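So the structure is just underneath, and the comments pick up after that.
Bear in mind these aren't lab numbers, they're just calculated from the coordinates by the rules spelled out. Source: prediction; values computed, not measured. Cβ sites come from the backbone with ideal geometry, for glycine too, and all protein chains shown count toward neighbours.
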Amino acid sequence: MSKPPHAPPLVETAGVEKIYAAGSKVAALKGVDLSIARGEFTALAGPSGSGKSTLLNLIGTLDQPTKGTVSYEGRVVSGLSVDSLSDFRLRSLGFVFQSYNLIPVLTAAENVEYPLVLQDVEPGERRRLALDALRLVGLEHFGARRPDLLSGGQQQRVAVARAIVHRPSLVLADEPTANLDSKTGGHLLDLMEELNKEHGITFLFSSHDSAVLERARRVVRLQDGELTADEVRPDRI
Amino acid sequence: MLRLAWRNVWRNRRRSLINVAAMGFGLAAIMFGQSMMRSLQFQLIEKATGSFTGHVRIERRDVDELKFPDKFMTDPEPAASLLAADPRVLVWGRRIHLTGLVSSANMSLGALICAVEPDKERLITNMASYLKEGRYLEPGTKGIVMGRKIAGRLDVRVGEKVVLMAQAADGSMGAEAFRLVGIHETGSESFDGQMVWIPLSAMQELLGRPGQANELAARLKNIEQADAAAADLDAKLGPGNIGAMSWKKIDKEIIGIQAFQDGLLTIVLIVVFIIVALGILNTQLMSLFERVREFGVLMAMGARPRWIVRLLIVESALLGLVGTAFGLAVGSALIGHFGRCGLALPVGDAFKYFMPFPSVIFLRPSWGMHSFACATVFLVTLLATLPPALRAGRLKPSEALRHV
C-alpha cells in the first residue's frame, strides 16, 4: 500500500527555540526545524549541552518552547493545556530515561502496567498487555521482581516495556544506554531496533556515544542548540 | 492508585511508623483526656445530683439561694401532682432545708437540717449508702441521721438523744428531741460536719408547718431530660411564685467547672492537632522532595497534575487511617484499663470538701467526642498534605525529571 501524497510527518518542530532564564538567559535551542516520519529509528547526536535533551523534552511535550511549534501528525501540540498534554503523552508517547526511573515500590510487571492504569484499562487486560510487553523485551519471568532485584540492563528493558505497552506512536529515549556497559547497551539497542522493525514503533533517542549512533538509521547532529547535520544512512535501512 | 499509594506509604517504613506512632499516641492522648474530663464531669454531676440536688426541683422563685431554699411553699400539692404525673420522673419527694441548732448533753452546734420523706429520699439521693453505723430514717419516727464529724463534735453515739432547734412558723423557737439512729461517712467536710437528716413529718411538726415544704426534689429516669422536664413543669406551674428548674440552674458551679474543663481540653486538643499536622506536613514534604523525579516520570507517562495530587492525598489518607486506627486501639485500651482499675486523681480530694466525691475516677468512653477526635486527626492529616500535594501538582515534568 502506497503512502498518501503529502502525508504529514509523525512529529515536526518548526523554528523551535528554548531559552532558559535562570540568572542570565541561555539559549538551549536556536530555531530547530526537524521532521520525524513514522517508523524512523533516529538518533540525536551532540556533545553535552548541545540541546539534545532539551529537544527531546520539547518533542515529548515535557517542556514548552520559548518560540516555534511542535506538531504531531500536523496538529500543533506545543500550546495545549497541561491536562491535554498529559492525555496526549498518555496515548501517543513512550519514554525511556537514562537512569531507568522505574517506580521502586512496584514490581516490574506493575511498572509496565502503569501507563495502562492511567488509561483506566481493565485490570485483567492490563496484566495481559504488561506480560506481552515484558515478553517482547525478554523479561516475562521477571514480572514479579521489584526494580532493586533487577540488573541495570534488565531495569532498562523493563523501562522499554513500559514505554511500549500502550502502543505509542513515538518512543523518546534520552541517553538510554548511558548507564549500561557496552555489551548490555548493545543488547538494548538490539531490542529497540527489533521493536522498530518488527512492530513499527518509531524511536527517537539521544546519545553522544559513537557506537550507539552507529546503530541509528538517521542521525541528527546538534551543536550549541543548532541543528548542524542530518544524515540518513541507507546502509542501515 | 490505591496499591501504589499503599506501597508508597511504607516506602520509608521507619518514617511512616514514627508518623503512625505520633498520630496514634496523639489521638490516644486526646481520647484519654476527653474520657478523663467527661468521666470526672459525669461523676461530679452524679455525686452532686445524687447526694443532694436531685435532677429537677420545684421551689419558690424568690428564695435567696436555690440550693438551700429558705422559703416555704404553703401548698406544695399542686406541684407535687405535676411531678407525680410526669412519666419522666422516676421518684420525687418533699423536703425542708433549714438551718438550726443541734444540741447534745455536752455541746450545741449550728447545722443544716434536711428533712426528707425517708422512703422516697432513699431513691432520690444515695445518702443512705454512706451509712456506717445504725440505720437510715424511718417515716413517722423521731430518728436523726448525721455525719461522723458532727456526731464526734457533739460526742453522741447511735441510740443517744440530741435536741434540734429551729425557728417555727410563728417566729418562736421550736425544739424537739431526736434519737440518733445512724451515722454516715461521706468523706465530705460539708456533709459529715454540718448536715443532719430527719423525717419530714417530724420537721413539719417541729416548725408548726403541717403539709408544708420548701422544695420538691425529683430524680428522673434519664438525667439528660432534666432541662426539658424542668421547662415543661415550669410552664405548667405558670407565672406564679413557684417554679421548676433543672440541676444545672442549681449547681451552677458544676456547669462552670465543666465549661472550664471543656475549654482547657479544647486548647490541648488544638495543640495536639497542630503537632500531628506538623508531623504529617514534614513527612509529606520530605516524601515530596525525595520523589520529585518520580512525579516527573509519572507526568511523562501521562499522569495529570491532579492525579499526582490525588495520589499524595490518598497516601496521606491511608497513613491517617492507620494512625487513627492505632490511636483508637491504644486510646480504647487505656480507657478500658482505667475504666476497670480506676484512676486516682488528687482532684477528688479537692471536691470532697463540697460533696461526697471519690478520689478514684473510673474512665468511661465518650464515643461522640472520640469519633470527633478521630475524624479531626484524620482531617488534619489530609489538610496537612494539601500544601505539598498542591506543590507536587504544580511541578513541571521536565524540571521534575532533572531533579537530583
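Under 18 Å from a label point 7 Å along Cα→Cβ of B:LYS71: give me every residue in segment B:198-218 with its amide N that close. Zone members listed by number: B:212-217. In this structure the amide hydrogen of B:THR99, modeled in the peptide plane, comes within under 5 Å of the amide hydrogens of B:ILE113, none closer than 5 places in sequence on its chain. The longest stretch of chain A left intact once loop-based GluC sites (Glu not before Pro) with at most 16 other Cβ atoms within 10 Å are removed from consideration, loops following DSSP, is A:141-213. In plain terms, the residue of B:LYS71, B:LYS149 with the fewest other Cβ atoms within 10 Å comes first and the most crowded comes last, giving B:LYS71, B:LYS149. For the protein assembly as shown, a crude dipole built from +1 on the beta carbon of Lys and Arg and -1 on the beta carbon of Asp and Glu, taken about the Cα centre, is about 940 debye to the nearest 20. Going by how many other Cβ atoms sit within 10 Å of their own, how do B:ILE183, B:ILE270 line up, fewest first? Ascending number of Cβ neighbours within 10 Å: B:ILE270, B:ILE183.
Ordering B:MET146, B:PHE273, B:SER287 by the projection of their Cα atoms onto the charge dipole of the protein assembly as shown, which places +1 on the Cβ of Lys and Arg and -1 on the Cβ of Asp and Glu, puts B:SER287 at the extreme positive end.
Note down the magnitude of the dipole of segment B:215-355 about its Cα centre, charges +1 on Lys and Arg C-beta and -1 on Asp and Glu C-beta and zero elsewhere, to the nearest 20 debye.
With Lys and Arg at +1 and Asp and Glu at -1, about 460 debye.
Taking the Cα centre of chain B as reference, the dipole from Cβ charges on Lys and Arg (+1) and Asp and Glu (-1) amounts to some 2720 debye.
Between A:ALA27 and B:LYS396, the distance separating the two model label sites (each 7 Å from Cα on the Cα→Cβ line) works out to 1.9 nm. Have a look at A:ARG217, A:ARG128, A:ARG157 and tell me which one the Gaussian network model of chain A (Cα, springs below 10 Å) gives the largest fluctuation. Top of the fluctuation ranking is A:ARG128.
Summarising the label geometry, the points placed 7 Å from Cα in the beta-carbon direction at B:CYS341 and B:LEU131 lie 3.6 nm from one another.
For the pair B:HIS403 and B:VAL163 in one chain, pulling the backbone fully straight at 0.36 nm per residue adds 77.0 nm over the alpha carbon distance.
Note on chain A: GNM, Cα springs under 10 Å; of A:LEU149, A:LEU34, A:LEU191, the largest mean-square fluctuation is that of A:LEU149. Taking the Cα centre of each part, how many Å lie between segment B:221-260 and segment B:1-52? Each part's Cα centre sits 34 Å from the other's. Cβ crowding within 10 Å ranks A:ASP174, A:ASP148 as A:ASP148, A:ASP174, fewest other Cβ atoms first.
Over 28 Å between C-alpha atoms is what I'm after, so list which of B:LYS132/B:LYS252; A:LYS18/A:LYS183; B:LYS120/B:LYS248; B:LYS142/B:LYS236; B:LYS221/B:LYS248; B:LYS71/B:LYS236 land there. Long pairs (Cα-Cα over 28 Å): B:LYS132/B:LYS252; A:LYS18/A:LYS183; B:LYS142/B:LYS236. If one computes the Cα centroid of segment A:167-207 and of segment B:172-206, what distance in Å separates the two points? Cα centroid of segment A:167-207 versus Cα centroid of segment B:172-206: 102 Å apart.
In chain B, the longest principal axis of the Cα atoms and the axis of helix B:292-301 are about 70 degrees apart. Spin-label pair A:HIS141-A:ALA37: with each label point 7 Å from Cα along the Cα-Cβ axis, the two points sit 4.1 nm from one another. Per residue of peptide B:300-311, the mean number of Cβ atoms on other chains within 10 Å of the residue Cβ is 6. Here the calculated FRET efficiency for B:MET1 and B:LYS236, from their Cβ-Cβ distance with R0 = 60 Å, stands at 0.45, rounded to the nearest 0.05. For A:LEU106, neighbours were defined as the other residues whose beta-carbon sits under 11 Å from its Cβ, and their charges (Lys and Arg +1, Asp and Glu -1) total +3.
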